[in-house]
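Input: a single structure, listed below in structure tokens.
The values are calculated or read from the model by the stated rules, or taken from the named source; none is laboratory data. Computed from a predicted structure; not experimentally measured. In this analysis, Cβ positions are derived from the backbone assuming ideal geometry, glycine residues included, and neighbour counts consider all displayed protein chains.
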Amino acid sequence: MRSRPGAGRTDEGRAAWDDGRQAIGNLQSLGGLSRVAGMTDDERRLAETRTVLLFGTLTLELARTASAQLLLQASQSSGPIKLMVNAQGGPLEAAEALFDLIRGVGVPVKAIAAGAVANAAALAYAAPPRDQRYSLPHARFALFQNLGAPPVPGGDVLAAAQWAAQQRARVARLFARQTSQPEELVERDIENRIWLDADEARRYGLVGRIVQGLSEV
């Protein structure tokens, strides 16, 4: 039996998928990007360049909006999508939903870092293959995550510490896979809350190429 599209995802991933499918249906009924109701002229022009912005605090709402835009763009063409990232903070669930969607949307996604790319946004940025990850010269990066409140009984310090360690290890495995760094090193860097400039991130394996302008992407 074939599973329903979106099955097997987390609640956040399913929400992103459902929002995206609804956006695609709305788009198709309107006849294309240029006729989507409520979009300003600037937003329409940006959409027509296949560019998605991930700016600000990476909340679940921002992740859903970006996910819907990625799915919508993928429904229009098999050409690459540019994902501009200048975002920080946010829950790990938002990062994981975007990470999986970027890798599974079915078209190439080019991530471009500008400003500060930290926390949940750094994991989303790391989703494409390394040669599709770009950085402007003055971007900065941080891998550590805002893990949120542990789902354990209040006051159980040991259980909370074990949960946090498991989450850090899980994130470290993803970053290690995407950067080719040893998992132990990545986990230590997450624990130490380090920041990397663009060139350090390139040598780390997080950034594939530093560009001076978007025409180089």
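Taken over the stretch 178-217, residues that are in a loop (DSSP other than H, G, I, E, B) and farther than 24 Å from GLN166 by Cα amount to 6.
Considering (1) part of a helix (DSSP H, G or I); (2) modelled with pLDDT of 90 or more; (3) surrounded by fewer than 14 Cβ atoms within 10 Å (Cβ to Cβ), say which one ALA165 fails and leave the rest. Only one criterion in (1) part of a helix (DSSP H, G or I); (2) modelled with pLDDT of 90 or more; (3) surrounded by fewer than 14 Cβ atoms within 10 Å (Cβ to Cβ) is unmet by ALA165, namely (2).
Scanning the stretch 68-75 turns up no residue that is surrounded by fewer than 17 Cβ atoms within 10 Å (Cβ to Cβ), touching a helix residue (DSSP H, G or I) at 6+ places or on another chain (Cβ under 7 Å) and not polar (S, T, N, Q). Of the residues in the stretch 174-189, at least one is buried (at least 17 other Cβ atoms within 10 Å of the Cβ), more than 17 Å from the chain's Cα centre (by Cα), at pLDDT below 95 and not β-branched (Val, Ile, Thr). Scanning the stretch 136-150 for residues that are more than 15 Å from GLU96 (Cβ to Cβ), modelled with pLDDT under 95 and more than 15 Å from the chain's Cα centre (by Cα) yields ALA149, PRO150.
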